[in-house]
Amino acid sequence: MTYFTILHWFAVIVIGLLTILIIVLSVRNHDGKSSLLAPILATLFIMTIFAIFTIYGIDKYTKIARLENVVQKKVLINESFSISGQIRNIGNFKIGQCVLEVKIANDSLEKIGADSAIFVPKSALDNLFNWGEKSPTVETTKEFVIAENLHTGEMRNFTIFMRYPSSYAKPYTRYELFCH
């Protein structure tokens, strides 16, 4: 669950007052020949979209967390790996939930000699004419909830386990943190 801060409530109140002001001005300037439905619906639609983007932006810049002491280990017995570490709330507001998105891909650079790699150059026009074709890379993505109700300055430990396909010769792991 995401928590609204004082900044969220302030933005909602300001956007609500602007919406009411625009609707009142539309009604006062109504000449009676046209319908009021279109300007009112347009105002509500535009202000709703504006409110969604505003709340998302405020959420992104007020709920900040950092991963610390992250260690990745392979577990060869069941072809998986573990990521463990700590998450710390470095923002000034409580965080409702932090999700760690882990992507694992097969390292696609094959070695020919001592230090050269196979490289197939692509033209910029390839992207224009090959819309339907997908790249041959195989990725596995999984999301893990690693923290909930994280107070300001609080630190928590986490450990996640993820299997990778046995066909991966050199698995490459990348992770990204999303908090709201």
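Taking every protein chain into account, the accessible area of the range 1-76 amounts to 75 square angstrom per residue (probe 1.4 Å). Cross-link check: pairs 60/142; 63/142; 63/103; 94/170 evaluated at a Cα-Cα cut-off of 30 Å; pairs beyond the cut-off: 94/170. Full extension of the chain segment joining residue 106 with residue 31 gains 20.4 nm, where the gain is 0.36 nm per residue of separation less the Cα-Cα distance. Rolling a 1.4 Å probe over the protein heavy atoms leaves residue 7 with an accessible area of roughly 80 Å².
The values are calculated or read from the model by the stated rules, or taken from the named source; none is laboratory data. Treat the numbers as computed from the prediction; the structure is a model and nothing was measured. Ligands, DNA and RNA are stripped out before the accessible areas are found, and what is left, the full protein with its side chains, is counted by its heavy atoms. Shrake-Rupley method; radii C 1.70, N 1.55, O 1.52, S 1.80 Å.
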